[in-house]
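As structure tokens, the structure follows; a few thoughts come after it.
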Amino acid sequence: MKGNGIIAIYLAAGRSMRMGVDKLSLPLGTHTIGNSALEEALKSSVHYIIVVTRTEDSLDWIDSNLSRIPIKNKWSHITCSDANKGQAHSLQCGLRAAMRMKPKGIMILLGDQPFLSIEIINELVLKYVELNYEKKDFPFIAAGFQGIPRPPIIFSPKSFPELLKLKGDEGARQLFQRQKLEDGLLIEYSNVRDFLDIDTMKDYEGLKGAVTSHD
């Protein structure tokens with residue numbers, strides 16, 4: 001694989017049960033919640049992005065400009081028929097697709113983290129590439145806030161078998177509970193805004209009025 005070999009799995013297959021409506025399609029500034037983090041990630045140094053959605057998703061939350069060449073060459077979309085069974089299944093759908101591309105690492109991104117900065121993505125990618133060059137094989141490199149690992153997370157190929165064992169709504173956090181955190185690398189960040197996710201209508205109403213566009 002050319003480039004840095006980091007493939008991102010953009011998890012956008014949640015049921016938005018706590019929100020009550022499809023949160024990825026809700027407007028936030030001049031974009032939608034789902035489009036905001038995707039557009040930033042596409043500007044980053046990540047080699048390629050796989051967007052994972054439910055089968056019935058119309059993708060109307062993705063801006064049309066992201067489907068134009070050359071940016072369209074950097075991402076693709078797959079559906080996960082088992083998405084309703086929980087996040088682990090969506091993650092595994094993306095992972096299996098990514099593994100066919102023989103990646104050097106897999107980055108997990110969430111569709112409901114619209115304020116995640118490109119700087120965090122790029123710093124994690126750069127650190128992972130440096131460690132890979134030095135033959136230091138960490139099972140994962142994660143962003144951290146107040147000592148807690150949070151997406152984005154880059155997993156090395158040695159972690160793929162464990163990711164494929166997750167079930168139901170288990171996500172990367174459950175995997176951390178099975179491994180020793182000290183076996184991986186946590187890069188601490190201090191801006192809580194980067195890690196805000198939008199789970200409820202109260203979250204959404206509280207944030208949308210203060211949003212400034214990424215444009």
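Each reported figure results from applying straightforward, stated rules to the coordinates on display, with no laboratory input. This one's a predicted model, so the numbers in the text were calculated from it and none came from an experiment. Every residue, glycine among them, receives a Cβ derived from its backbone with ideal geometry; neighbour counts consider all protein chains shown.
Computed from label points 7 Å out along Cα-Cβ, the spacing between Lys102 and Leu207 is 3.9 nm.
In summary, the lysines within cross-link reach of Lys102, defined as a Cα separation below 23 angstrom excluding same-chain residues under 8 places away, comprise Lys2, Lys43, Lys72, Lys74, Lys127, Lys135, Lys136, Lys158, Lys165.
I want the local charge near Ser44. Using Cβ-Cβ distances under 11 Å, sum +1 for each Lys or Arg and -1 for each Asp or Glu among the other residues.
Numbers: positive: Lys43, Lys74; negative: Glu39, Glu40, Glu119, Glu123.
So the surrounding residues net to -2.
Counting only trypsin sites (Lys or Arg not before Pro) that sit in a DSSP loop (anything but H, G, I, E, B) with at most 13 other Cβ atoms within 10 Å, what is the longest stretch of the chain containing none of them? Write out the running numbers ahead of the final one.
Values: sites that count: Lys2, Arg15, Arg18, Arg68, Arg100, Lys135, Lys136, Lys165, Lys167, Lys180.
In short, 19-67.
Take every Cα pair under 8 Å in the stretch 6-208 that's 6+ residues apart, average their separations, divide by the length, and report that relative contact order as a whole percent. It rounds to 26 percent for the stretch 6-208.
Select from the stretch 32-114 those GluC sites (Glu not before Pro) which occupy a DSSP coil region and have at most 13 other Cβ atoms within 10 Å, ordered by residue number. Mind showing how you got there, number by number?
Numbers: sites: Glu39, Glu40, Glu56; in loops: Glu56.
When the GluC sites (Glu not before Pro) of the stretch 32-114 are filtered for loop state and at most 13 Cβ neighbours within 10 Å, Glu56 remain.
Sorted largest first, the principal axis extents computed over the alpha-carbon atoms of the stretch 6-208 equal 43, 36, 32 Å. The modelled label-to-label distance between Asn122 and Ser81, using points 7 Å beyond Cα along the C-beta direction, is 4.1 nm.
Summarised as an ellipsoid, the stretch 107-156 has semi-axes of 20, 11, 9 Å, derived from the eigenvalues of the Cα gyration tensor scaled by 5 and square-rooted, with the largest first. Annotation for Asp183 and Thr30: the two label points, set 7 Å from Cα along the Cα-Cβ direction, are 4.6 nm apart.
Quick check on the exposure proxy: order Thr32, Thr79, Thr200 from fewest to most C-beta atoms within 10 angstrom. Could you put the intermediate results ahead of the total?
Working: Thr32 22, Thr79 16, Thr200 13.
Placing the least packed residue first, the sequence is Thr200, Thr79, Thr32.
Relative to the first principal axis of the alpha-carbon coordinates of the chain, what is the inclination of helix 87-99, with its axis defined by its Cα atoms, in degrees from 0 to 90 and to the nearest 10? With rounding to tens, the tilt is 60 degrees.
With springs connecting C-alpha atoms under 10 Å apart, model the chain as a Gaussian network and identify which of Pro157, Pro139, Pro70 has the largest mean-square fluctuation. So, out of Pro157, Pro139, Pro70, the one fluctuating most is Pro70. Summing Lys, Arg as +1 and Asp, Glu as -1, what charge do residues with Cβ under 9 Å from the Cβ of Lys85 carry, Lys85 excluded? Here the count lands on -1.
So what's the net charge close to Glu119: Lys and Arg +1, Asp and Glu -1, counting the other residues with Cβ under 12 Å from its Cβ?
Numbers: positive: Lys43; negative: Glu40, Glu123, Asp194.
Result for the local shell: -2.
The stretch between Asp60 and Glu162, if pulled fully straight at 0.36 nm per residue, gains 33.4 nm over its current Cα-Cα span.
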